[in-house]
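Report on one structure; see the data block that follows.
The values are calculated or read from the model by the stated rules, or taken from the named source; none is laboratory data. What you are looking at is a predicted structure, and each value in this text was computed from that prediction instead of being measured. Reconstructed Cβ throughout: ideal geometry from the backbone, glycine too, with neighbour counts over all protein chains shown.
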Amino acid sequence: MTVPLMLYGILPFTLLLFRWLPAQRAVLISSLAAFLFLPQSSTSLPIIPDYDRTTGIVYSIGLGLLLFDIDRLKCLKLGWIDIPMLVWCWSPLAASVSNDLGIYDGVLASLNDVVAWGGPYLIGRLYFGSLEGIKRLAVGFFVGGLIYVPFCLYEIQMSPQLHNMFYGFHGGAFGQSIRYGGYRPIVFLNHGLQVGSWMMSAALVGIWLWKSGTVKHILGIPIKWLVALQCFMVILVKSTGAIILLGFGTILIFISHWMRVSILVWLIVLTVPTYLYFATSGDLETEQVVEFVAETVNPDRARSLGFRLSQEEVLSEKARERFLFGWAGWDRFSTYDEWNGEKNSVTDSLWIIAFGTRGVLGLTSMALTLLMPVVVVLLLYPAEKWADKRLAPVVILAMILLLYTLDNLLNDMYVPIYTVASGAVTGMMMMRTPKTQGRGVSLTERYLPQLPQSKGFRFKVKQR
């Protein structure tokens, strides 16, 4: 009873928020609430995509938009920067048609991505596509991480039981939550790795909001103490990847700002297409990578990485048979035993799923969707301005998107709130005031319009 109550309850909850609160605040609260607390469950629906925690919030916000905020659609301006998302959402149609599965199959698959990927992206474009909106979204990331602190502490001590206690079943694989003599929390997400990624993102956002002076107090508490707590939690959740990404991201952004050059970030951005090129072509030398991890991290993590990379080699070879458009859905790109017909491959990373199901077209569009906002931020804003109070939230969300992309080179952790961030940064690039469009205006100032005065969302943030 609790599962349908929560899943369908997000609809009236969101509509009430739209009725009582400013639209931007309603969207932020409902999005975070759905991501952090809704059950890992879904309900099949005819024609339209299944109803789950992601589609539920998209449907809810979409309905709230139509009923209470329809004029906002007039502000939507699509541009070239939106092309990767459009291609990604409709690439299943090309895959289905090229594999003789029919237009109907392709349209249904594409509709699923239009809602699951395009919906959050559009939410970011519409509601957070400004400097003020991105600041609120960044603060939302940080506060969302703080909200999860007591739940993580409980599961670290008592084991991942909250999803089972509230919804009657475990939301993720319990066996994978045992780490280093203790427990890795799952809370209401689908895996401990996702919790680690979320807490890492919240910590890094908090670090840069504190460093730049963008936010100094939250609910009367100095942000430096909250940042320290959030960073400590990243260690406690026992996700090696999250710890590495937090340290790496912190060093990367601080050194780049201190040196006043973004070359290091550019190198990391270029690492993604370079890795994908060698991985899709079958020329990736995995042995040296595994040996390096064994020496620098630990042998257990190296064995896990080695297994994933070996599976990706097998799946990549199969995917190259349908290089351009992929094998489409229905698990057709997996490999199967010749004797008993059972599946003998494991898909762990988002990139191999994209390459296998949608070919190089889908993989390229997905990578551009995640990396394009990062590239545009690097092109527009020199590193010495990254600590500017107006720019700091934009820069740190771009950095989070970069780390999220790196994480998905090894994991399949689609999180719609990151797609909201992608849409928000993209949307800001499309917002230019008449005063910033003339000749003689630098690119940086062109995309630094004055912050609008608004009575919108505040987390009771004090700036002194």
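Key figures for this structure:
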item: Residue count, segment 1-50 (criterion: over 23 Å from Gly192 (Cα atoms) and surrounded by 19 or more Cβ atoms within 10 Å (Cβ to Cβ)); result: 11
item: Test for Ser159: is it in contact with a strand residue (DSSP E or B) (Cβ under 7 Å, 6 or more places away or on another chain) and without any contact (Cβ under 8 Å) to a residue 24 or more places away in the chain; result: no
item: Residue identified as in the same structural domain as Gly423 (by TED's automatic domain parsing) and not acidic (Asp, Glu) among Leu15, Leu86, Leu45, Leu65; result: Leu86
item: Subset of segment 19-72 (residues that are under 30 Å from Asp105 (Cα atoms) and aliphatic (A, V, I, L, M)); result: Ala34, Leu38, Leu45, Ile47, Ile48, Ile57, Val58, Ile61, Leu63, Leu65, Leu66
item: Tally of residues being farther than 18 Å from Asn411 by Cβ and surrounded by 15 or more Cβ atoms within 10 Å (Cβ to Cβ) across segment 175-192; result: 2
item: Test: residue in segment 239-259 that is at positive phi, in the same structural domain as Ile396 (by TED's automatic domain parsing) and surrounded by fewer than 17 Cβ atoms within 10 Å (Cβ to Cβ); result: no
item: Count of residues meeting criterion [without any contact (Cβ under 8 Å) to a residue 60 or more places away in the chain and assigned to a loop (DSSP other than H, G, I, E, B)] in segment 331-363; result: 13
item: Segment 365-388, subset of a type outside the set (A, V, I, L, M) and surrounded by fewer than 20 Cβ atoms within 10 Å (Cβ to Cβ), residue farthest from Phe278 (Cα to Cα); result: Asp388
item: Qualifying residue in segment 201-212 (condition: under 30 Å from Pro382 (Cα atoms), more than 20 Å from the chain's Cα centre (by Cα), hydroxyl-bearing (Ser, Thr, Tyr) and in the same structural domain as Leu391 (by TED's automatic domain parsing)); result: no
item: Residue in segment 252-267 that is modelled with pLDDT of 90 or more and under 27 Å from Arg303 (Cα atoms) present; result: no
item: Single match in Gly79, Gly106, Gly102, Gly119 (criterion: under 23 Å from Ala26 (Cβ atoms) and not acidic (Asp, Glu)); result: Gly119
item: In segment 108-138, the residues that are in contact with a helix residue (DSSP H, G or I) (Cβ under 6 Å, 6 or more places away or on another chain), farther than 30 Å from Trp386 by Cα and of a type outside the set (S, T, N, Q); result: Ala109, Asp113, Val114, Val115, Ala116
item: Selection count, segment 61-98, where residues are over 13 Å from Leu361 (Cβ atoms) and not small (Gly, Ala, Ser); result: 20
item: Residues of segment 98-109 classified as in contact (Cβ under 8 Å) with a residue 40 or more places away in the chain and either surrounded by fewer than 17 Cβ atoms within 10 Å (Cβ to Cβ) or not charged (D, E, K, R) (or both), total; result: 6
item: Tabulated pairs, segment 259-272, first among the basic types (Lys, Arg), second modelled with pLDDT under 95 and in a helix (DSSP H, G or I), C-beta under 8 angstrom, 6+ apart or interchain; result: Arg260/Ala383; Arg260/Glu384
item: Options Val87, Val139, Val97, Val107; residue that is β-branched (Val, Ile, Thr), under 16 Å from the mean Cα position of the chain (by Cα) and part of a helix (DSSP H, G or I); result: Val139
item: Single unsatisfied condition, Ser91 versus (1) out of contact with any Phe, Trp or Tyr (no Cβ under 9 Å at 6 or more places or on another chain); (2) in the same structural domain as Leu368 (by TED's automatic domain parsing); result: (1)
item: Positions within segment 66-84 being under 28 Å from Trp20 (Cα atoms) and part of a helix (DSSP H, G or I), in sequence order; result: Leu66, Leu67, Phe68, Ile70, Asp71, Arg72, Leu73, Lys74, Cys75
item: Scan of segment 401-416 for residues that are in a helix (DSSP H, G or I), within 9 Å of the chain's Cα centre (by Cα) and not aromatic (Phe, Trp, Tyr), ordered by number; result: Leu401, Thr405, Pro416
item: Single unsatisfied condition, Asp300 versus (1) more than 28 Å from Gly102 (Cβ to Cβ); (2) touching a Lys or Arg at 6+ places or on another chain (Cβ under 8 Å); (3) of a type in the set (Asp, Glu); result: (2)
item: Verdict on Leu76 being touching a residue at least 24 places away in the same chain (Cβ under 8 Å) and either surrounded by fewer than 20 Cβ atoms within 10 Å (Cβ to Cβ) or polar (S, T, N, Q) (or both); result: yes
